[in-house]
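Here's the structure, in structure tokens; my notes come after.
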Amino acid sequence: MSKHIFITGGVVSSLGKGLTAASIGLLLERRGLRVRMQKLDPYINVDPGTMSPYQHGEVYVLDDGAETDLDLGHYERFTNSLLSRASNYTTGRIYQNVINKERAGAYLGKTVQVVPHITNEIKEAILGCGGPDVDVVITELGGTVGDIEGLPFLEAIRQIPLKVGKQNCLFIHLTLLPYLKAAKEAKTKPTQHSVGQLRQIGIQPDILVYRTEQHLEGDYAEKIALFCNVEERAVIEEADSQESIYEVPLGLADSGLDLLILEKLNIQPGESKLDDWRALVEKIRKPKHDVTIGVVGKYIEHRDAYKSIYEALSHGGFHHSVRVHFRRIESDDLTAANAEGYLAGLHGILVPGGFGYRGIEGKIEAIRYARTHDIPFFGICLGMQTAVIEFARNVCGLKGANSTEFDTESPHPVICLLESQREVTDKGASMRLGAQPCHLVPDSKAEAAYREPIINERHRHRYEFNPDYRERIEAGGMRITGNSPDGKLAEVVELPNHPWFLAVQFHPEFKSKPLKSHPLFADFIGAAIQRRNDRSLA
Ligand code: GLN
């Protein structure tokens, strides 16, 4: 039977619960356990797919097409946990299930209530992640203890030990110790209140992890232990990591968190195998070179909006032992007249995905600049669509070329809706979503990077390269080097007479890992290093 770890957060949001959960997953896997990760989000949207990046940050897409919280990206980057639609539940989805059952008459005339019907549905979602091939399920609860909407979830996880046995469950609570400069000390009171609230609900945390900007000297653990009714050795410090998020698991391992978890769950600890991870962190700390990549997007001031893009670019850097610096450029501000000021000196330019017209012309100018100045260019999803528009307008002479997403009257709709999308009216979960095969053309940059003829990558878009323009675009010199198996959908385009100009309709950033950079990101950063070296020789 699977054991269960629950991770809750208190005091403030944005404590890095997702990273902590992912790090615990990694540490347990490295001791030989089979781990399954899960996130519960108390908001009412059925999934985050319809939320603005300003609200929610990136929407992370899984192989099965589930649109999920960005914490699942941490889970995939840190662990080998299988993730699917069952790995992310929201209040909306739980209620939707319950209401569907009620309409189908499944409750046999009963009054349907939060307790037990909603809580039972949540329990089923949690227990459903367990199974004979899973040693430990790690369930992270989004939000902060004290949120009204989180209550049914807390009540449900309180009940799980009754079902699977107390000895098979562990509650870890993550809080913040704010440091008050004037008092020259950190304060434990908010943590005490937060644990107090949890205990009122009936949850006694077994382990308390406190976040702090810097390592704290003093008897904080003793004090927290006493007031929160947690063993002193189970009060663990998690200070902000200095260099990168990939240091977090090592810090937790050094505090003995993984051993403590195993002891409390009564699991015989296997040897901890972290050599490759330690080597990775060493590599990150001592890069041989630096490169600077411009990311031209429109949610640029929101750090989480392109989370996986920044991570994947960094992974490409790890692959070559270089540090990747980012120049974040707001595409709305970029014009033909000022492009030089924003883009000169960059070693690579990436245009990520996005929706809606705002910022499009700036992206097109950035792509034109990369194309005409031989700067390595990587376009992703909307980044590919804008690369095709730029090429159609400025090389093929197709005046007014556009995507019908931005201009339904365009004389040259080089990007358009396919038949299957034209009838779709609902916005939720109705795009082309999830992993799909793509056939690469031999002797292409893409095939050279992947070193395989058929790849599987995740999609999240409605619009496609218009097949009616394939010939005209290829005649202009842009190669289509990746296609759907039926040959109809263009998935990859490249410019053969450019040092590195490649754009993809899918999202490779979702499949990059720190120890195994995605091949396209590794190749792109390789080209950026080349550009940097060429420039320094010139
Ligand atoms: N808005 C574009 C589409 O729906 C691109 C989507 C994206 O970049 N993820 O096709």
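What follows draws every value from the coordinates through simple rules; no lab data is involved. Please read these numbers as outputs of a predicted model, since none were measured by experiment. All Cβ positions, glycine included, derive from the backbone under ideal geometry; neighbour counts span all protein chains shown.
Gain in length, Q204 to S420, computed as 0.36 nm per residue apart minus the alpha-carbon separation, to one decimal in nm?
Once the chain is fully extended between Q204 and S420, it gains 72.6 nm.
Taking a spot 7 Å from the Cα of K187 along the direction of its beta carbon, which residues of region 1-22 have an amide N less than 19 Å from it?
Taking a point 7 Å out along Cα→Cβ of K187, the residues of region 1-22 whose backbone N falls under 19 Å are 10-15.
Between region 479-528 and region 369-383, how many Å separate their Cα centres?
With region 479-528 and region 369-383 each reduced to a Cα centre, they are spaced 12 Å.
Taking 0.36 nm per intervening residue step and subtracting the Cα-Cα distance, what contour gain separates D276 from A475 on full extension?
Length difference between fully extended and current span is 66.9 nm.
Considering the chain, what Rg and Dmax in Å follow from its alpha-carbon atoms?
Answer for the chain, Rg first and Dmax second: 24.9, 80 Å.
Leaving out same-chain residues fewer than 8 places away, which aspartates and glutamates sit with a Cα under 17 Å from that of K488?
Within the straight-line cut-off, K488 pairs with E419, E457, E464, D468, E471, E474.
Tell me, what ³J(HN,Hα) does each residue in region 409-418 have, in order and in whole Hz, if you take phi through Karplus 6.51 cos²θ - 1.76 cosθ + 1.60 with θ = phi - 60° and put x for Gly and Pro?
Working through the residues one at a time gives 9, 3, x, 10, x, 5, 10, 8, 7, 7 Hz.
Using the structure shown, select from K3/K307; K166/K223; K184/K273; K166/K511; K298/K511; K223/K273 the pairs with a Cα to Cα distance greater than 29 angstrom.
Values: K3/K307 31 Å; K166/K223 26 Å; K184/K273 39 Å; K166/K511 36 Å; K298/K511 23 Å; K223/K273 33 Å.
Over 29 Å Cα-Cα: K3/K307; K184/K273; K166/K511; K223/K273.
At what distance in nm do the modelled label points of A344 and R34 sit from each other, each positioned 7 Å from its Cα along Cα→Cβ?
With each label placed 7 Å out from Cα toward Cβ, I get 5.9 nm.
Can you list the residues of region 64-87 with backbone N under 11 Å from a point 7 Å past the Cα of R303, pointing along Cα to Cβ?
none
Starting from 0.36 nm per residue, how many nanometres of slack lie between E263 and A336 once their C-alpha separation is accounted for? Provide the component values of the computation, followed by the final result.
On the way: separation 73, 0.36 × 73 = 26.28 nm, distance 6.19 nm.
Separation in residues times 0.36 nm, less the Cα-Cα distance, equals 20.1 nm.
Quick one: Karplus J couplings for region 352-364, per residue in order, coefficients 6.51, -1.76, 1.60, θ = phi - 60°, nearest Hz, x for Gly and Pro?
Taking θ as phi minus 60°, the curve returns x, x, x, 9, x, 6, 3, x, 5, 5, x, 5, 4 Hz for region 352-364.
At a Förster radius of 56 Å, what calculated FRET efficiency corresponds to the Cβ-Cβ distance of N394 and E222, to the nearest 0.05?
Using R0 = 56 Å, I get an efficiency of 0.25.
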